[in-house]
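These notes concern the structure reproduced below.
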Amino acid sequence: MDLNTRPVRLAIVGCGRILPAHLRGIAALQSAGLSPVRITALCSPRTEVAEMFRRRGQGPPPRPPASSKADDPLAAPHLYVSDIQTDVVPEIYDDWRTMLDGDVADAVLVLAPVSLHHEIALAALSAGKHVLIEKPFAISVRAGRAIEAEAERTGLVAGVAENLRYEVGTRALGWAVAEGFIGKPQLWLSGGVGGQWAPDHVVAHTPWRHRKLEAGGGPAIDIGVHIMHQIRYIMGAVEEIGALARTLEPTRVEREGSGASTVVNNEVEDVYLAQLRFASGAIGTSFSGWAGRGESCALPDSPVIYGTTGCIKADTLIGGDGVRTKATDLLAEHATDEVKEHYFPHGVRDAFGLELLDFVTAITTGTNMEASATEGVMDLAMAYAILESSFAAAPVRVADVLSGAVNGYQAEIDAHFKLS
């Protein structure tokens, strides 16, 4: 990126639980001497929510983090725009349409609920704004493809905020596998069931995540797009998925500190089990779930990747001779300076900062993002293949989900949003 380029004016639509992680990413860029954006607008249907992030010392008090897991982006501490920029005070909007009518931004970061992603993104692109969209990229594969097509038509940048791709660990594993440190990949294993939202909590304190027409699906979509992106990034293309998905908890409960609780009907799956067949001939298993009473269960070394000369367990490579080496150490010791600068430009290692820098670089240079709209659509096709397979009670080809030839589960969603 040219550091002399005028910062991109960025509008943020949706001031939800993930916004602190994005603000922290911008702060990480600034710590590296980069100022690629100025936040010029904050949009939320409730203006008091946007004001919560505008200026330190003003607005309502911040919400506590949505997650208690330190490594979860939803656990990022609250930040204010005034913490990361003092020369521009963002405008506050309660309607993204009104915001787009004004000349307040060059690009839009879409953090609204997933059911609104395609409507906001299509309008922003039509208005000449680049878009970076929080995952899942869209409410269905067809909605995602509409965004992809509009970005191509307008010549604007559209990308998915897939932070997992930019994580140090994912980068290191992808590089190590590509460099042949475990030979040819043969087998992928990953998964866990339970965790902080089990057995029946409202996930991330957002009831819409449990409604099909607002979220698309449960963990197969919300978590599945992450996992499918990581799998494809490290292992290569997946041709076929056979899966089972079930709703173990028909209701979810939001428990408040006062002892009161709100019951939410759960319309989506809360656990899935998927079998993968890769184009390379490798096979794999991935599972995830927000249900499970008693105690959580997970593969302790997830992901596990077996190859023809060794394996990977979590972040450690184990050769045929039993020697154990951290993937990040291998990357640090053996990758070229060019590779390191590509992965971590200017030494930045915050994944949210890296995805935003990639977005701005694509805007200023006319290149594609790593996590482009095409990547976001492919993530959706793989994640929805899980639900389409379960719906059809048969394995499905990812290409058929991508093309729309297999669309039984998504048909209700596409009909509701008039997507054809």
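The values are calculated or read from the model by the stated rules, or taken from the named source; none is laboratory data. Just so you know, these numbers come straight off a predicted model, no measurement behind them. Backbone-built Cβ (ideal geometry, glycine too); neighbour counts: all protein chains shown.
With respect to the conditions (1) under 30 Å from P199 (Cβ atoms); (2) out of contact with any Lys or Arg (no Cβ under 9 Å at 6 or more places or on another chain); (3) not hydroxyl-bearing (S, T, Y), V360 lacks only one, and its number is (1).
Evaluated against (1) crowded, with 19+ Cβ neighbours inside 10 Å; (2) over 24 Å from the mean Cα position of the chain (by Cα), S115 falls short on exactly one condition, (2). Strands (runs of 3 or more DSSP E) fully within the stretch 84-171 that include at least 1 residues being among the aromatic types (F, W, Y): 91-93. Against the definition (exposed (fewer than 15 other Cβ atoms within 10 Å of the Cβ) and either touching a helix residue (DSSP H, G or I) at 6+ places or on another chain (Cβ under 7 Å) or in the same structural domain as G307 (by TED's automatic domain parsing) (or both)), how does R277 come out, yes or no? In short, no.
Among the candidates R246, R255, the residue that is modelled with pLDDT of 95 or more, among the basic types (K, R) and surrounded by fewer than 17 Cβ atoms within 10 Å (Cβ to Cβ) is uniquely R246. Would you check if there is a residue in the stretch 255-270 being out of contact with any Ser or Thr (no Cβ under 7 Å at 6 or more places or on another chain), under 29 Å from I241 (Cα atoms) and hydroxyl-bearing (S, T, Y)? No, there is no match, as no residue in the stretch 255-270 is out of contact with any Ser or Thr (no Cβ under 7 Å at 6 or more places or on another chain), under 29 Å from I241 (Cα atoms) and hydroxyl-bearing (S, T, Y). The residues listed here are V81, V160; of these, the one that is crowded, with 23+ Cβ neighbours inside 10 Å, closer than 30 Å to N407 by Cβ and of a type outside the set (K, R) is V160.
Suppose we filter the stretch 327-348 for residues that are surrounded by 12 or more Cβ atoms within 10 Å (Cβ to Cβ) and touching a residue at least 12 places away in the same chain (Cβ under 8 Å); how many remain? Qualifying residue count, the stretch 327-348: 12.
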